[in-house]
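Take a look at the structure below.
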Amino acid sequence: MAHYEASIRRPLVTGDKTYSDVTRDIARPVEGVANKQWWIVFTIALIAFLYGIGCITYTISTGIGVWGLNKTIGWAWDITNFVWWVGIGHAGTLISAVLLLFRQKWRMAINRSAEAMTIFSVIQAGLFPIIHMGRPWLAYWVLPIPNQFGSLWVNFNSPLLWDVFAISTYLSVSLVFWWTGLLPDFAMIRDRAITPFNKKIYGILSFGWSGRAKDWQRFEEVSLVLAGLATPLVLSVHTIVSFDFATAVIPGWHTTIFPPYFVAGAVFSGFAMVNTLLIIMRKVVSLENYITIQHIELMNIVIMITGSIVGVAYITELFVAWYSGVEYEQYAFLNRATGPYWWAYWSMMTCNVLSPQFMWFKKLRTSIMFSFFISIVVNIGMWFERFVIIVTSLHRDFLPSSWTMFSPTFVDIGIFIGTIGFFFVLFLLYARTFPVIAQAEVKSILKVSGSMYKKLREEKEAKHE
Amino acid sequence: MSSNKLIHALYTDDDVLLSAVKQVRDKRYQIEEVFTPFPVHGLEKAMGIADTRLAINAFLYGIVGLCFATAMMNYVMIEDWPQDIGGKPSFSYLENMPAFVPIMFEMTVFFAAHLMVITFYMRSRLWPFKKAENPDVRTTDDHFLMEIDANGADIDEATKFLYDTGAVEIKLIDKEAN
């Protein structure tokens, strides 16, 4: 071991765990049977998912007219939900890639679940543009493939096409990053499996991982290079999503601040969702010794910082609208804050800018109940942010006679609820079948940051004095 | 050769393993392989394993991705069907390049990441339905296994020596050579 950390640092793994304790604790949820609570939550999520499938089927068989869209507002809940889910999907890569590059060891307890969350939420995000196409069976038309229509190609000047490339690269790279990290942990479950069925399944999933010294050397190199690639990738994804708006000439969208503003917002909402999920999960599968209060506190600090960045972005937007001297731009922002959608704007401001400021207080950011509450508030606030950007910029366009409001139909609402259900169905299945903590990585820091080893070392040092 | 003798020495601590690897190599025993439950830092150096070149691979794959994206968009947007979009006609790739940067970047990452991971899986022989090759299931839990070539060595002496390095369990394996 190259270095031992100072005793002033709090241990990242509490409960005096040994290597085999880590194995047992992380294999337990996979090897045990689901409890009643799991089944209740799973059933609710499944019903929501099925309802969403019903609404999607109705939309596709009848047409986009079943949504609340109108002539003035051609984008509303669908794209709001798309951006919301993509944003949530940013935390996983941020935790596993950016924190890996910064050598933040606390990432190891949460990166697996955060990456799972990323993948599941990007799947939800991807559904919306495909449904919005109206004829999803022609979704492959977004790909630059030679076709029977002569020289008809996709338009590489369009930000919507950049989005196709960005989201699919992001989803597929996140998936291999996640799976490569899972191989040693699947191997651990495979080697503990008692029934031949489990042995077979986890044998297939682990790709025959054996843990040779050379494999580990390559594994670490691949993780590092993937982190280096995923870091600019994750920043590019929401940058490109923001181009969908920023390259348009609509007042309220046509803003150069959008890329960093969207990326900060994405990290903000993603960390909030990680907190929502992990605060429940650590309790349900008894992993409080791995996902500690310290982890929650650190995530709260990230939420506070990114929330403040988002706040600065909101104020900058207002300032620039005033400073530009363009009356359309000025009206777009005045209308947002004081027009008929004032309630959406001020919900956004309260949830995203005000609520994270409570995290300055140590008592609040180390309170589990309060962290959970704020994480939900932030998720709601970030949904409103996208709604405000999209709908309030469109509903009063250049022609006052076409000014209108947007009201969602039950189908709009049903599809959104359906994706939340789908997300939780995937996450709950994951929590029962996958090793939810990167146990191999946790073992590699146990001697440095485990409470038992830290204590032993301190005792030894005390004796030498 | 009719048979191949191997010694499997099991350890339960990574620091003990690391010093054992150094001692075993000093004694001129041949370490065939070490199986560990997690990456032990410095192990590959102690074993004398060469650095991996996967990062260099990833860089080259990235260049391939960048070239592919450039060639594709040059063909589609400039050569095959140039269009005048938004008053910006497509006469040359260079003039239109700013609009192509996002996809040039995405393709670079896509190629570098996926081809590197595929290379890793091929080189380390990892794929679905591949049979695991760790000789003891405890090596994914909390045991570290060192595999030593025992041909022509004094088994008793080697065993005693390995116990002295901190091994908790030693097995002599007679592997039938194919």
With x for Gly and Pro, the residue-by-residue ³J(HN,Hα) of the range A:360-371, computed from phi through the Karplus equation 6.51 cos²θ - 1.76 cosθ + 1.60 at θ = phi - 60° and given in whole Hz, is 5, 8, 4, 4, 6, 6, 9, 8, 5, 4, 5, 4
Ordered by fewest other Cβ atoms within 10 Å, a rough proxy for footprinting exposure, A:Y345, A:Y170 read A:Y345, A:Y170
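Quick check: residue separation of A:T57 and A:S158 times 0.36 nm, minus the Cα distance between them. What number comes out in nm?
Gain on stretching A:T57 to A:S158: 33.5 nm.
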Placing one equal point scatterer on each C-alpha of the protein assembly as shown and summing with Debye, one gets log10 I(q)/I(0) at q = 0.08, 0.11 Å⁻¹ equal to -0.67, -1.15
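Compute, for chain A, the length of the dipole vector about the Cα centre, with Cβ point charges of +1 (Lys, Arg) and -1 (Asp, Glu) only. Units Debye, rounded to 20. Provide the component values of the computation, followed by the final result.
Values: 35 positive and 27 negative charges, 300 e Å.
Using Cβ point charges on Lys, Arg, Asp and Glu, chain A gives about 1440 debye.
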The extension gain from A:R24 to A:M405, computed as 0.36 nm times the residue separation minus the Cα-Cα distance, is 131.6 nm
Diffusion coefficient in µm²/s returned for the range A:252-300 by Stokes-Einstein, Kirkwood Rh over C-alpha pairs, 25 °C and 0.890 mPa s, is 196
Whole-Å distance linking the alpha carbon centroid of the range A:180-235 with that of the range A:137-168 is 34
Residue by residue through the range A:118-132, the couplings from Karplus 6.51 cos²θ - 1.76 cosθ + 1.60 with θ = phi - 60°, in Hz, x for Gly and Pro, are 4, 5, 5, 7, 5, 4, 4, 4, x, 4, 5, x, 5, 5, 5
Check: C-alpha center the range A:434-461 vs C-alpha center the range A:81-102, spacing in Å is 26
Simple SL model, points at 7 angstrom along Cα→Cβ for B:D136 and A:L101; separation in nm is 4.1
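Determine one quarter of the surface area of the Cα convex hull of the range A:360-441, which equals its mean projected area, and express it in nm² to one decimal.
Values: hull surface 39.7 nm².
Projected over every direction and averaged, the Cα hull of the range A:360-441 covers 9.9 nm².
Average projected area of the Cα convex hull of the range A:307-465, in nm²?
Details: hull surface 64.7 nm².
For the range A:307-465, the mean projected area of the Cα convex hull comes to 16.2 nm².
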Footprinting proxy, B:M47, A:M359, A:M405, B:M146: sorted fewest to most Cβ within 10 Å, the residues are A:M405, B:M47, A:M359, B:M146
Relative contact order as a percentage, chain A, C-alpha pairs under 8 Å and 6+ apart, gives 33
Going through A:K17/A:K463; A:K17/A:K443; A:K214/B:K130; A:K214/B:K22; A:K363/A:K455; A:K363/A:K447 one by one, the pairs whose alpha carbons sit over 19 Å apart turn out to be A:K17/A:K463; A:K363/A:K455; A:K363/A:K447
In order over the range A:28-35: 3J(HN,Hα) from phi, Karplus 6.51/-1.76/1.60, θ = phi - 60°, whole Hz, x for each Gly or Pro, gives 4, x, 6, 7, x, 9, 5, 8
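Mean residue ellipticity at 222 nm from the helices of chain A, using -39,500 (n - 2.57) per DSSP H segment of n ≥ 4 over the full residue count, to the nearest 500 deg cm²/dmol?
-22500 deg cm²/dmol
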PRE zone check, label point 7 Å out along Cα-to-Cβ of B:V101, amide N under 19 Å, scope the range B:41-74, hits B:63, B:66-71, B:73-74
Residues other than A:I303 with Cβ under 12 Å of its Cβ, Lys/Arg counted +1 and Asp/Glu -1, net out at 0
In the protein assembly as shown, taking the dipole from +1 charges on Lys and Arg beta carbons and -1 charges on Asp and Glu beta carbons about the Cα centre, the listed residue (B:L6, A:G307, B:L66) farthest towards the positive end is A:G307
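Once you list every other residue whose beta carbon is under 11 Å from the beta carbon of A:A266, what net charge do they have if Lys and Arg are +1 and Asp and Glu are -1? Don't skip to the answer; put the middle values down first.
Details: positive: A:R386; negative: A:E385.
Neighbour charge sum, excluding A:A266 itself: 0.
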Residues whose built amide H sits under 5 Å from the amide H of B:I85, excluding neighbours closer than 5 in sequence, are B:S90
Sorting A:V285, A:F384, A:V83 by the position of each Cα along the dipole of the protein assembly as shown (Lys, Arg +1; Asp, Glu -1; all at Cβ), the one nearest the positive end of that ordering is A:V285
In whole Å, largest first, the alpha carbons of chain B cover along the principal axes 85, 34, 28
Over all Cα pairs of the range B:54-123, the Kirkwood radius sets Rh, and Rg/Rh then becomes 1.14
Least to most buried among B:D156, A:D185, by other C-beta atoms within 10 Å and fewest first, runs B:D156, A:D185
Total charge of the residues flanking A:A213 in space, meaning their Cβ is under 9 Å from its Cβ, with Lys and Arg +1 and Asp and Glu -1, is -1
The range A:376-406 and the range A:1-72 have their Cα centres apart by a whole-number Å value of 30
Quick calc: nm separation of the 7 Å Cα→Cβ label points for A:E288 and B:F91 -> 7.2
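Give me Rg/Rg_expected for the range A:68-180, where Rg uses Cα atoms only and Rg_expected = 2.2 N^0.38 Å with N residues. Write out the running numbers ahead of the final one.
Numbers: Rg = 17.0 Å, N = 113, 2.2 N^0.38 = 13.3 Å.
The range A:68-180 yields a ratio of 1.28.
Computed from the coordinates by the stated procedures, all read-outs in this text should not be read as laboratory data. Because the structure is a prediction, the values reported are computed rather than measured. Glycine also receives a Cβ, built like all others from the backbone with ideal geometry; neighbour counts cover every protein chain displayed.
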